[in-house]
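Trainee: Encoded as structure tokens, here's the structure I'll be asking about.
The values are calculated or read from the model by the stated rules, or taken from the named source; none is laboratory data. Predicted model only: the values in this text are computed from it and were never measured. Cβ placement follows ideal geometry from the backbone for every residue including glycine, while neighbour counts extend to all protein chains displayed. These accessible areas exclude ligands, DNA and RNA; they are computed on the full protein's heavy atoms, side chains included. Shrake-Rupley method; radii C 1.70, N 1.55, O 1.52, S 1.80 Å.
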Amino acid sequence: MANGDDPTAAPRDPPVARRRRAKPAADATAHAVVATPPAAPDKPPGVRALAAQATREAILGAATRVFAKQGFAGGRIEQISKAARSNDRMIYYYFGSKEALFVAVLEDTYRRFNEAESALVLDTRRPEAALTAVIRFVWLYYQQHPEFITLLNTENLLRGRHIATSPQVRAYSSPVLAITDKVLRSGAALGVFRADLSARDVYLMIAALAYFYLGNRYTLSSFLGEDLQAAGALAHWEAFVIDAVQRAVRADAGSLPA
């Protein structure tokens, strides 16, 4: 026993032996690093899906423009594919037929209107101001999106034969009517609106007054001998529509005929 070592302690390995036992572990680690180099980065997930969605949206946008300008009969597949910078084959791949593409355009037209109206922030504690906001939204949306009117005019000339096949369009009316109904109920609860009002009737009144004016503004301008597209004429009709609807829903306006 040398240098005061404990006789009961396990003998220590010589330094060289310790190094030799540690070396294989170090070699294994080094070998593992060499054997598994960093993987090459893959393409971001969903690239194909995003590309397909972009192609479909481009076709839908082009079809909206072409059908709004040319109508259903005049809008040709080759015009749409050229406007979309795509090809006819892709239109048939995504939509199946010209008729199905037109249905998709109508659905998308209603969807965009619905989403825009659903984004309105209305204070139903002030129902008269909220109703004015709804009226003004419809009036301005029709002006800012003339394709809405022309596409619906086209489909009405065809007696709604395409839109009748859509399972989605009916669902888009529910949120729109729900907004109007909420405003009317609030007004009735506060005693400023009639309690017998139907959201459907009031919405039809708003849409009819706005749609008829803008949908017939060219012929009516000639018929009446005045420019119905002039800024002053548009502002006058907006004020008239707001006043007419507000008068119709007021609590002192009387009940609807049975």
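Trainee: Among the residues that make up segment 205-215, is at least one of them farther than 28 Å from H236 by Cα and exposed (fewer than 14 other Cβ atoms within 10 Å of the Cβ)?
Mentor: Residues of segment 205-215 that are farther than 28 Å from H236 by Cα, as a first pass: none.
So far as segment 205-215 goes, no, none of its residues is farther than 28 Å from H236 by Cα and exposed (fewer than 14 other Cβ atoms within 10 Å of the Cβ).
Trainee: Now for a separate question. Buried (at least 18 other Cβ atoms within 10 Å of the Cβ) and more than 14 Å from I135 (Cβ to Cβ) - does that describe any residue in segment 236-251?
Mentor: no
Trainee: Enumerate the pairs (first residue in segment 127-145 and under 15 Å from W237 (Cβ atoms); second residue anywhere and acidic (D, E) and open to solvent by 30 Å² or more (accessible area, probe 1.4 Å)) with beta-carbon separation below 6 Å, excluding pairs fewer than 6 apart on the same chain, so at least 6 apart or on different chains.
Mentor: W139/E238
Here is a yes/no grid of residues against (1) basic (K, R); (2) at pLDDT below 95; (3) over 25 Å from S118 (Cα atoms):
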{"residue": "A178", "(1), (2), (3)": "no, yes, no"}
{"residue": "S186", "(1), (2), (3)": "no, no, no"}
{"residue": "L214", "(1), (2), (3)": "no, no, no"}
{"residue": "G225", "(1), (2), (3)": "no, no, yes"}
{"residue": "L234", "(1), (2), (3)": "no, no, no"}
{"residue": "E238", "(1), (2), (3)": "no, no, no"}
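Trainee: It is to be established whether one or more residues within segment 141-159 are under 24 Å from A253 (Cα atoms) and basic (K, R).
Mentor: Applying the first criterion (under 24 Å from A253 (Cα atoms)) to segment 141-159 yields none.
The answer is no; no qualifying residue exists.
Trainee: Pairs only if they're at least six apart or on different chains, beta carbon under 6 angstrom, first in segment 211-222 and at positive phi, second open to solvent by 90 Å² or more (accessible area, probe 1.4 Å); list them, first residue then second.
Mentor: Partner pairs satisfying both residue conditions: none exist.
Trainee: Against the condition assigned to a helix (DSSP H, G or I), on the phi < 0 side of the Ramachandran plot and free of Cβ contacts under 8 Å to residues at least 40 places away in the same chain, how does A207 come out, does it pass?
Mentor: Numbers: assigned to a helix (DSSP H, G or I): yes; on the phi < 0 side of the Ramachandran plot: yes; free of Cβ contacts under 8 Å to residues at least 40 places away in the same chain: no.
No.
Trainee: Also, quick follow-up: Taking segment 63-79, which residues are in contact with a Phe, Trp or Tyr (Cβ under 6 Å, 6 or more places away or on another chain) and either over 13 Å from N153 (Cβ atoms) or not in a helix (DSSP H, G or I) (or both)?
Mentor: Within segment 63-79, just G75 meets the criteria.
Trainee: Now for a different question. Which of (1) open to solvent by 20 Å² or more (accessible area, probe 1.4 Å); (2) more than 20 Å from the chain's Cα centre (by Cα); (3) under 18 Å from R112 (Cβ atoms) is the odd one out, the single condition T165 does not satisfy?
Mentor: Only one criterion in (1) open to solvent by 20 Å² or more (accessible area, probe 1.4 Å); (2) more than 20 Å from the chain's Cα centre (by Cα); (3) under 18 Å from R112 (Cβ atoms) is unmet by T165, namely (3).
Trainee: Closer than 25 Å to P146 by Cβ and not in a helix (DSSP H, G or I): is that true of L228 in this structure? Don't jump to the end; show me each part of the working.
Mentor: Working: closer than 25 Å to P146 by Cβ: yes; not in a helix (DSSP H, G or I): yes.
So L228 fits the description; yes.
Trainee: I'd like the full set of residues that are in contact (Cβ under 8 Å) with a residue 24 or more places away in the chain and of a type in the set (S, T, N, Q), limited to segment 153-172.
Mentor: The answer is N153, T154, T165, S166, Q168.
Trainee: Here's a check for you: in segment 107-125, which residue that is in contact (Cβ under 8 Å) with a residue 60 or more places away in the chain and open to solvent by 40 Å² or more (accessible area, probe 1.4 Å) is nearest to R185 (Cα to Cα)?
Mentor: R125
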